[in-house]
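These notes concern the structure reproduced below.
The values are calculated or read from the model by the stated rules, or taken from the named source; none is laboratory data. Because the structure is predicted, anything quoted here is derived from the model rather than measured. Here the Cβ positions follow ideal geometry from the backbone for every residue, glycine too, while neighbour counts run over all protein chains shown. What goes into the accessible areas is simple: the full protein's heavy atoms, side chains included, and nothing from ligands, DNA or RNA. Shrake-Rupley method; radii C 1.70, N 1.55, O 1.52, S 1.80 Å.
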Amino acid sequence: MTDAEKKALKAAHNKKYRDANKELIAANQKKYREANKELVRERKRAYREANKERIAAKKAADAKTERGRKLDKLRGERYRTTHAERVRELHQKSRDKRAPIAKEEAKQKRVELRDSYVAQILRMPTNLVPPEIIKAERIRLKIKRKVQELDNDRTEKKCSTCREYKPLISFGRNHGTKDGRSYECRLCNRERKRRDALLKGLTFNPRNRDEFGRVRKHTPEELKTAKNAHAREVYARNKQRRNYETHK
């Protein structure tokens, strides 16, 4: 019997033994891997380092065939199922590494008004939006940005009630608006509150304010006049009370 025949006979015998003892062989291999994790990992790493080109060529060849793609997909699913925690950590590292780059890319898209950003504003996929629609939407966004810049630089505002342009100081603070000012000027706001109070049967006593809504400061003459009037009123009231007690 020649050497080739001996090798063929031994290979057939080994194949027959493996087919007959699949479960036993798998159990022994699993037990060995669990007992020698570091050794097995080191051997795999050494094999990959020594056969980089061969592994890359095999992956490229498998990617061209349907069977190779299915096997690669199955291997990936098996690895993700077995090493779920490791896969989660790798994904998190990738996201953390990608986050600043993605943020900068999104900023550039917004500044340059790229097609993908315009399609995102329209809530449509980029490949489904016609070029003329993207062009028109880009012009609209440019006009909107220019108007916002002019609004930020303006010193006057139009009142929504009296329809007059007044300085920004004539409008109250409102953090819910874009410019931080109310839509209604202070005078119209005070007048509206007065009307609402009268409709409810209440009295409305606004503080003494000027046209800009600021508390009006009295001059010394006004203060002296008001003080004398108050003194006269108190004197008259006390005199009336004394006369009433005398004639009682």
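Descriptive notes on the structure:
- Inverse of mean 1/r across different Cα pairs in segment 95-152, Kirkwood, Å: 12.6
- Residue by residue, segment 31-38 carries 3J(HN,Hα) couplings of 5, 5, 5, 5, 7, 10, 4, 4 Hz when phi is fed to the Karplus relation 6.51 cos²θ - 1.76 cosθ + 1.60 (θ = phi - 60°); x denotes Gly or Pro.
- Note on segment 97-204: semi-axes of the ellipsoid equivalent to its C-alpha gyration tensor, largest first and rounded to whole Å, are 43, 16, 15.
- Computed E for L24/R78 - FRET, C-beta separation, R0 35 angstrom, nearest 0.05: 0.95
- Long pairs among K15/K44; K103/K142; K109/K146, criterion Cα-Cα beyond 20 Å: K15/K44; K103/K142
- Between helix 3-20 and the chain: long-axis angle, C-alpha atoms, 0 to 90°, nearest 10: 50
- Extension gain, S116 back to R43 (0.36 nm per residue minus Cα-Cα distance, nm): 21.6 nm
- Whole-Hz ³J(HN,Hα) from phi, Karplus 6.51 cos²θ - 1.76 cosθ + 1.60, for segment 123-136, glycine and proline x: 6, 9, x, 4, 6, 9, 8, x, x, 5, 5, 4, 5, 5
- According to the calculation over all Cα-Cα pairs in the chain, the P(r) per 10 Å bin from zero is 5, 10, 14, 14, 10, 9, 9, 8, 8, 5, 4, 3, 1, 1, 0, 0 %.
- In terms of overall dimensions, segment 126-172 has a Cα radius of gyration and Dmax of 17.0, 49 angstrom.
- The Cα atoms of segment 25-110 cover 60, 32, 25 Å along the three principal axes, with the biggest extent listed first.
- Near C185, the amide H atoms lying under 5 Å from its own belong to S160, T161, C162; only residues 5 or more places off or on other chains count, and H is placed 1.01 Å from N.
- Solvent exposure of the chain as accessible area per residue, Å², 1.4 Å probe: 88
- Considering helices alone, the calculated mean residue ellipticity of the chain at 222 nm is -24000 deg cm²/dmol, with DSSP H runs of length four and up weighted by -39500 (n - 2.57) and normalised per residue.
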